[in-house]
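The values are calculated or read from the model by the stated rules, or taken from the named source; none is laboratory data. Values in this document were obtained by computation on a predicted structure and should not be read as measured data. Cβ placement follows ideal geometry from the backbone for every residue including glycine, while neighbour counts extend to all protein chains displayed. In case anyone asks, the SASA skips ligands and DNA or RNA and just uses the protein heavy atoms, side chains included. Shrake-Rupley method; radii C 1.70, N 1.55, O 1.52, S 1.80 Å.
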Amino acid sequence: MTPRRTRYAPSPTGYLHVGGLRTALYNYLLARQSGGAFVLRIEDTDQTRKVEGAVENLYEIFAWLGLDFDEGPRSGGPVGPYVQSERLAIYNDHLQRLVTTGHAYPCFCSSEALEIMRAEQSARGISPMYDRRCRTLARDAARTRIASGEPHVWRMAVPPGRVIAVDDLIRGTVEIRSDTVDDQVLMKSDGFPTYHLANVVDDHWMEITHVVRGEEWLTSTPKHMLLYEFFGWTPPRYAHLPLLLNPDRSKMSKRSGDVAVEDYRRRGILPEALINHVALLGWHPGDDRELFGVRDLIAEFSLERVGKAGAVFDVTKLFWMNSEYLKEQSDDVLFERIRGELGELIEVNGEARVRYAVASLRGGIQTYADLTERVVQVFAPAPHPDNEMARLLHESAIRDMLGDFIMRMAEIEAAQWSEFAGLEDRFKSVAAEAGKPYGVKGRTLWRGLRAALTGQPHGPELAKLVGMWGRERTLSQLGRALDTARNALSR
Ligand code: GLU
């Protein structure tokens, strides 16, 4: 496989859209599987949209994701600078080349004039497009106006009557008539290039072999193809990825909900799960496997298996995937991840018991937050008992068994309360022994003990709960339950 040079070329918006992550990931995979290079280029030519700290954020979130760049603003590289606002002289040179060869011309139309033009076109039922009125200005006249300081932009002179073919690795050949292509502005009046000029110049000089980007750029590609032709360069291969959709098939946008990778990170999604999830938005492995680590993706990803149809971003599925990745983490890792939020609990109950709680309560969690919540709940004061459960305590067999059970629990030596596995066994045998003389066993026995210990119909396994609570709380809770049972008797 020949080494591919790919790039992720975001405008610095201050957050990473999940669609941006997918674009970056696919580019990353293509580079990594071919031993090529993955380049970060910051496309900040729109000065009005500049966001402070955006580049730092970007590096931070990619570090969290574990996706690294080979070249970019931070590490540099042989074809930098990698920030477009630092490359203005290069764009200017290239614009001059286009002017000299007659492929670019100055346009003096004011924004008001353009607006009127568009309004008239719309009124006549034709799609708005620059009417090319400045294209026919005499060179000398134009030069004089520029010299006098008249504001102007530079536009590309799209040749009439041509068919432009875009060879797309996902869509096949897409043909566009040049008559429908606007004389795109290449250089703005503020001296900054537009996306189109900068993108083409950079992809060429940065030796990008494959441009993988969102479908929304497909309509710009004919303009880019023309620019390559004007410069006499060979264009890279293109692949335009299908749109990302909400489950109702509307386009996924910032307004339609959580689209920022940062939000999912905050909600406790693991980078592995997020990467796995977005990898499958468009790409399919050809069988029904769903769990892919980055290594698997590097080995298996291919653009041939990326579809054209919009891909639905299903948050429920993402959380399911997250639970699958959480299963692979050790108890220690889970504990360390939430330790910060458990500070007070650890102080009061001791680290060993809180660690045991983490290990006991982790089954089926979807996020770290779920786990924290469960642990906090286990140590929190008992909620008001459920009526149905409280009534169980009034049954004479259970009441009598309870007295016996408490005595036997109190006999367990203090040291054994912190040998959790042993305590679980001991608890089970004590329970069985206590029930025997009263004929209480099986489901009735466990329901009765649950009524006594928590007063709730559902909750953690009792044999583990007593270990999490420790001797003091267990015995005092049981004592209270016995009081309740006896009070009912005397009433
Ligand atoms: N700066 C563009 C963006 O924000 C890059 C598009 C491209 O990859 O060509 O998506």
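Within region 438-491, the set of residues being surrounded by fewer than 21 Cβ atoms within 10 Å (Cβ to Cβ) and polar (S, T, N, Q) comprises THR444, GLN456, SER476, GLN477, THR484, ASN487, SER490. The one condition from (1) open to solvent by less than 10 Å² (accessible area, probe 1.4 Å); (2) within 12 Å of the ligand (Cβ to nearest atom) that GLU215 does not meet is (1). Being touching a strand residue (DSSP E or B) at 6+ places or on another chain (Cβ under 6 Å), away from the ligand (no atom under 16 Å from the Cβ) and at pLDDT 95 or above is the requirement here; does ARG295 meet it? For ARG295, the condition - touching a strand residue (DSSP E or B) at 6+ places or on another chain (Cβ under 6 Å), away from the ligand (no atom under 16 Å from the Cβ) and at pLDDT 95 or above - is not met. For the residues ARG135, ARG155, the requirement of being open to solvent by 50 Å² or more (accessible area, probe 1.4 Å) and touching a residue at least 12 places away in the same chain (Cβ under 8 Å) singles out ARG135. Looking at (1) closer than 20 Å to THR484 by Cβ; (2) open to solvent by less than 40 Å² (accessible area, probe 1.4 Å); (3) aliphatic (A, V, I, L, M), which is the one condition that is false for ILE412? If we test ILE412 against (1) closer than 20 Å to THR484 by Cβ; (2) open to solvent by less than 40 Å² (accessible area, probe 1.4 Å); (3) aliphatic (A, V, I, L, M), just (1) comes out false. Among all positions in region 173-189, there is no residue which is within 14 Å of the ligand (Cβ to nearest atom), touching a residue at least 60 places away in the same chain (Cβ under 8 Å) and in contact with a Lys or Arg (Cβ under 8 Å, 6 or more places away or on another chain). With the structure loaded, tell me whether SER253 is among the polar types (S, T, N, Q) and at pLDDT 95 or above or whether it fails that test. Here the answer is no, as SER253 does not meet what is asked. For TYR195, the conditions (1) away from the ligand (no atom under 13 Å from the Cβ); (2) within 26 Å of PHE38 (Cα to Cα); (3) among the hydroxyl-bearing types (Ser, Thr, Tyr) all hold with the exception of (1).
Would you be able to say whether some residue in region 243-263 is open to solvent by less than 20 Å² (accessible area, probe 1.4 Å), outside any helix (DSSP H, G or I) and out of contact with any strand residue (DSSP E or B) (no Cβ under 8 Å at 6 or more places or on another chain)? Checking region 243-263: not a single residue is open to solvent by less than 20 Å² (accessible area, probe 1.4 Å), outside any helix (DSSP H, G or I) and out of contact with any strand residue (DSSP E or B) (no Cβ under 8 Å at 6 or more places or on another chain).
If the requirement is being more than 14 Å from the ligand (Cβ to nearest atom), closer than 19 Å to LEU169 by Cα and open to solvent by 60 Å² or more (accessible area, probe 1.4 Å), which of these qualifies: GLU304, GLU272, GLU290? Just one listed residue meets the conditions, GLU304. Taking the criterion of being of a type outside the set (D, E, K, R), open to solvent by 30 Å² or more (accessible area, probe 1.4 Å) and farther than 19 Å from LEU297 by Cα, the residues of region 33-52 that qualify are GLN47, THR48, VAL51. How do the pairs read when you match residues in region 199-215 that are on the phi > 0 side of the Ramachandran plot with residues anywhere that are away from the ligand (no atom under 12 Å from the Cβ) and in a loop (DSSP other than H, G, I, E, B), using Cβ under 8 Å and keeping only pairs 6 or more apart or on different chains? Going by the 8 Å Cβ cut-off, the qualifying pairs are GLU207/VAL79.
Please verify whether VAL201 is more than 11 Å from the ligand (Cβ to nearest atom), crowded, with 21+ Cβ neighbours inside 10 Å and of a type outside the set (D, E, K, R), treating the condition exactly as stated. For VAL201, the condition - more than 11 Å from the ligand (Cβ to nearest atom), crowded, with 21+ Cβ neighbours inside 10 Å and of a type outside the set (D, E, K, R) - is met.
In region 309-341, what residues are of a type in the set (Val, Ile, Thr) and surrounded by 16 or more Cβ atoms within 10 Å (Cβ to Cβ)? ILE338, the sole residue that qualifies. All told, GLU229 falls short of being free of Cβ contacts under 8 Å to residues at least 60 places away in the same chain, within 16 Å of the ligand (Cβ to nearest atom), under 25 Å from ARG4 (Cβ atoms) and surrounded by fewer than 19 Cβ atoms within 10 Å (Cβ to Cβ). Highlighted here are the helices (runs of 4 or more DSSP H) found entirely within region 1-102 that include at least 2 residues which are in contact (Cβ under 8 Å) with a residue 40 or more places away in the chain and within 14 Å of the ligand (Cβ to nearest atom): 18-33, 54-65.
Report yes if LEU280 is closer than 29 Å to LEU218 by Cα, open to solvent by less than 40 Å² (accessible area, probe 1.4 Å) and either of a type in the set (A, V, I, L, M, F, W, C) or at pLDDT below 95 (or both), otherwise no. It is false that LEU280 is closer than 29 Å to LEU218 by Cα, open to solvent by less than 40 Å² (accessible area, probe 1.4 Å) and either of a type in the set (A, V, I, L, M, F, W, C) or at pLDDT below 95 (or both).
Among the criteria (1) modelled with pLDDT under 95; (2) in contact with a helix residue (DSSP H, G or I) (Cβ under 9 Å, 6 or more places away or on another chain); (3) surrounded by fewer than 16 Cβ atoms within 10 Å (Cβ to Cβ), the one GLU395 does not fulfil is (3).
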